[in-house]
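To keep things clear, I will list the structure first and then write my remarks on it.
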Amino acid sequence: MAFFTVFTRSLTRPLTLRLVAASVVVCAAAFALVYAGLRQQGEAAIRQTIDTDLAGLVDIYGAQGADGLLGALSARLDLAPTRAEQPYYVLRDPSGKALAGNITTALRLDPVKSEVGKVVLGEDDGTAVTGEARATTLRGGYVLIAGRSDAMLQATLAQVRNLFLIALGLMVAASIFISGYASRKLRTRVDNLNAVFDALETGQLDARATVRPDGDELDQLGQHVNAATARIHRLMKAQRDVSDHTAHETRTPLMSVERDIRLAQSASTDPAVLKPLDSALERIRTLLRLLDALLDIASAEAQSGGVKALDEIDISEVARSIAELYELSAEDAGLRLVCDIDEGVTMRADAMQMSRLMVNLLDNALKYGADGQEIRLSVKPGPVIVVEDDGAGVPDAEKSRIFERYRRIATSDGQPAQKGHGLGLALVKAIAERHDLGLKVEDAHMDATTGQRGARFVVARGRVGGEVA
């Protein structure tokens, strides 16, 4: 069963089907030619035998008359053939009465023209006996018909037909077996290459395909795959080194400056001095948060699509823990957090990154949600994660750009953009892509009184309608 499963999924299957079809066509054409040739030769041989036999009987009639002809017919019918077709005769007098013979059917052959043709000569156990016959007119108005059955010819043709069918069956079976064997060998070698890409998805950047130095085209392809994966390995290592070096070399002086500012603050009580120091300290903290966000986005984008190495997590539990933390934050912002989280929704994911995704969406909802209204968090099987608010919503012209880095937009009611770096939704997009999730933003509703339509962010498995990420 596995053999045929491999074959049906192999790229060699179309080639095998064409080979089988060509074999059938060639075999059928060869059979038609051989069959027609044998049939023609057999019928010609039967007619030649009939003509020879009829000529002898005519000579007997000329020499011995009707009585001699009757004796000759009786003798020939009494002699059973061994390796020849069964003879059939009939002799009629001038009035049309049958005097002798074993032809029991009326034959439509013109004796004046010595007509020959394929006829039914009689019956054998209820089965019609077919063959060839020729009719001729003798002196005195007698009619003599001589014929031969074609039973041996039909048996020979049937054997030829069966042999061709057996040969065709063996040819088709051999084609399928050989192609299936080749498919299995090909699948084994292709799986060797696919294993490299599977390993890359699980983060094993040192995986390599097994190749033979003097091999065929697949070995050459394997060498190119190994070269490409080695280059990817070097590039990823260089990217991590650069990221780590940048983070270290940037964070260290910033933290030193932060320490110096705190020392300066502790050494002075003058408001004129403390105010600019407080402002500088806040800017340092902002830079550190910006650096962390950029590194998080870079890390998520570098791992995009590599979900095979992740563990199965309960995304419902992650969402509930986040909701508990944000209930008080929503109340402080004058909002109410409403949750609709199904039990047992699981997925392969990085729990920390999925937490960041929902946290950033909830932060965005808190930032842009209208006072006195609510924000909603929903988690359904799929998974489908929805965060929506009752704020002014996202202008249609900005929906395709809201997930860009550093993009901070004004709301649909014309209010200026909120403070921030514009990296929160960019990180949401990177995390969604890292987990092979689709992402879109749409209007949550339309309030006829206030004109506010709210914003609904949908994160779901695969592509989602109106996807912009």
Checklist line | Sequence-distant aspartates and glutamates (8 or more away, or on other chains) whose Cα lies within less than 18 Å of Lys97 | finding: Asp67, Asp110
Checklist line | Vicinal HN-Hα couplings computed from phi for region 163-178 (Karplus, 6.51 cos²θ - 1.76 cosθ + 1.60; Hz; Gly/Pro x) | finding: 4, 5, 5, 5, 5, 5, x, 5, 5, 5, 4, 5, 4, 5, 5, 5
Notebook entry, point to check: Roughly how big is region 98-209's charge dipole about its Cα centre, with Cβ charges of +1 (Lys, Arg) and -1 (Asp, Glu), in debye to the nearest 20?
Noted result: 360 debye
Check: Using 7 Å Cα-to-Cβ label points, what is the Leu263/Glu331 separation (nm, one decimal)?
Finding: 4.3 nm
Margin query: Going by amide H atoms built from the backbone, whose H comes under 5 Å of the H on Gly131, apart from near neighbours?
Written below: Val119, Leu121, Asp150
Note to self: Between Val359 and Asp314, what's the calculated FRET efficiency when r is the beta-carbon distance and R0 is 22 Å? Round to 0.05.
What the structure shows: 0.80
Next item on the list: Based on the mean of other Cβ atoms within 10 Å per residue, sort peptides 117-127, 394-404 so the most packed one is first.
Entry: 394-404, 117-127
Note to self: Taking the number of other C-beta atoms within 10 Å as the exposure measure, put His435, His233 in order starting with the fewest.
What the structure shows: His233, His435
Item checked: Burial ordering of Tyr88, Tyr181, fewest other beta-carbon atoms within 10 Å first -> Tyr181, Tyr88
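Got a sec? How would Met255, Met354 order by Cβ neighbour count within 10 Å, fewest to most?
Result, fewest neighbours first: Met255, Met354.
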Next item on the list: Return the distance in nm (one decimal) between the two label points of a simple spin-label model at Thr137 and Asp93, each offset 7 Å from Cα along Cα→Cβ.
Entry: 1.9 nm
Notebook entry, point to check: Simple spin-label model, 7 Å along Cα-to-Cβ: Ala195 to Val338 in nm?
Noted result: 5.4 nm
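FYI, it's all coordinate maths here, none of it is from the lab. What you see is a predicted model; the values in this text were computed from it and never measured. Because the Cβ atoms are built from the backbone with ideal geometry, glycine has one as well, and the counts that use them run over all protein chains shown.
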